[in-house]
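The values are calculated or read from the model by the stated rules, or taken from the named source; none is laboratory data. Treat the numbers as computed from the prediction; the structure is a model and nothing was measured. So basically every Cβ, Gly included, is an ideal-geometry build from the backbone, and we count neighbours across all protein chains shown. These area figures cover heavy atoms from the full protein model, side chains too; ligands, DNA and RNA do not enter into them. Shrake-Rupley method; radii C 1.70, N 1.55, O 1.52, S 1.80 Å.
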Amino acid sequence: EMQDYVTYMFFRSQFGVAYHFVEESVFQQFAHNVEANYKDVPYHCFPHAVDVLFTVFRLLQLTRAGKWTGEIEQYALLVASLCHDLGHFGRTNQFLVEIKHELALRYNDKSPLENMHRAMLFQLCQHGDTDVFAFATPEQQKEARKIAIAAILHTDNVHHFDMVKDVSAVYEMESGLCDSQAISPEVITQPYHERVLQGKNKMMWLQLFLHFADVSNPLKPFDICMSWAWRVLDEFFDQGDEEKDLGIPVGMLNDRHKVNRPGSQHGFINFLVAPFVAASVRVFPGLQPLHSQMIRNLEAWRNIWIEETKPTAEDIAKKDADVAKLWALDAELLGRGRVA
């Protein structure tokens with residue numbers, strides 16, 4: 001069933017442009033090989049890849065990307081989305097570096113997992129029966145490779161805060177255009193198109209969409225948000241168990257006996273996800289509803305945390321202050337679309 005969704009997005013959806021670049025039968029063989037190369041781990045598995053693919057697809061829709069990106073850019077980003085965690089075996093880059101894993105040695109401790117993912121993607125494309133860029137011109141193949149390599153690399157969280165800073169810098173330079181765009185997000189103005197979306201910024205937006213999708217679990221309906229949160233924590237705990245067995249430092253979120261599950265989600269959303277989403281919404285006003293959903297999820301985690309841990313009034317007040325601050329920011333972001 002997931003393969004049917006994948007085929008639909010690539011061939012029959014609004015961004016279903018794959019037929020320009022590959023036979024459907026070749027793509028389907030590629031997609032099955034991709035699925036086979038994902039491991040049976042709690043989080044970084046094929047369902048996660050399909051979830052990220054669909055989220056990138058929705059980001060392209062919500063940002064009207066059909067009006068400011070070309071078909072090879074759309075296609076390359078969607079292929080990168082499906083393949084962004086190829087071969088992931090449920091351990092972090094930090095763990096691989098700590099144990100001097102073969103991948104860490106091969107890639108000199110620099111994003112070993114992401115380097116593996118993008119290498120595996122293009123290794124699959126070396127075979128005629130799974131070359132998803134078979135019909136692309138040499139120039140298009142170069143462009144697709146450039147996009148996929150850059151986008152997958154930027155799913156490494158070491159780039160996260162630099163991306164927040166870079167996106168915020170674009171808004172600071174073009175805040176007037178971005179705020180005006182919020183009044184009618186569905187209509188892309190010419191100045192916004194030229195000065196915000198195009199030029200050197202475009203590659204950054206493609207990178208942003210994949211990373212945004214990769215950390216988007218807190219932006220989805222809470223039952224989905226919770227299901228993915230439990231999966232990622234289970235994977236962290238599996239790593240923590242191995243870290244204990246090896247006698248190496250246990251990661252901050254990896255000790256199953258010390259981590260408070262709902263409490264950990266508050267920190268993840270408030271400190272990592274929220275600043276990134278706010279910066280993205282300032283530039284892409286059509287994403288604003290995701291910011292509101294994120295805060296509703298934060299409130300839901302707060303309620304579970306209170307029920308499970310019976311915290312002090314002071315601790316509750318601290319979390320409530322974080323939520324209130326985000327709701328105030330949400331009102332500010334929403335208010336941009338109400339300017340006469």
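Couple of notes before you dig in:
- For the range 130-190: rounded, prolate or oblate by the Cα gyration tensor [a/c cutoff 1.5]: oblate
- Phi-derived couplings, Karplus 6.51 cos²θ - 1.76 cosθ + 1.60 at θ = phi - 60°, listed residue by residue for the range 211-219: 5, 4, 5, 5, 10, 8, 3, x, 9 Hz, with x used for Gly and Pro.
- Per-residue extension of 0.36 nm, minus the Cα-Cα distance of Glu307 and Ala169, leaves a gain of 45.6 nm for this segment.
- Ligands, DNA and RNA are left out, and with a 1.4 angstrom probe the accessible area of the chain is 45 Å² per residue.
- Cα gyration tensor category, rounded, prolate or oblate, for the range 64-122 with a/c compared to 1.5: prolate
- Peptide packing: for 322-329, 85-92, the average count of neighbouring Cβ atoms within 10 Å per residue gives the ranking 85-92, 322-329, highest mean first.
- Whole-Hz couplings from phi, Karplus 6.51/-1.76/1.60, listed for the range 194-209; x for Gly and Pro: 6, 9, 10, 7, 9, x, 5, 6, 4, 4, 4, 5, 5, 5, 4, 4
- Spatially proximal lysines relative to Lys310 (Cα-Cα < 18 Å; intrachain offsets below 8 disregarded): Lys258, Lys318, Lys319
- Cβ-derived FRET efficiency at R0 30 Å, Lys142 paired with Leu334, nearest 0.05: 0.10
- Modelled spin labels at Trp327 and Gln190, positioned 7 Å past Cα toward Cβ, are 4.4 nm from each other.
- In this calculation the C-beta distance from Phe11 to Arg256 is compared with R0 = 51 Å, giving a FRET efficiency of 0.75.
- Square roots of 5 times each gyration tensor eigenvalue, C-alpha, the chain, largest first, Å: 31, 29, 17
- Sequence-distant lysines (8 or more away, or on other chains) whose Cα lies within less than 23 Å of Lys200: Lys67, Lys142, Lys146, Lys165
- In Hz, Karplus ³J(HN,Hα) per residue of the range 124-131 (6.51, -1.76, 1.60; θ = phi - 60°; x = Gly, Pro): 4, 6, 6, 9, x, 7, 9, 8
- Of all accessible heavy-atom area on the range 300-340, the percent that carbon and sulfur account for (1.4 Å): 58 percent
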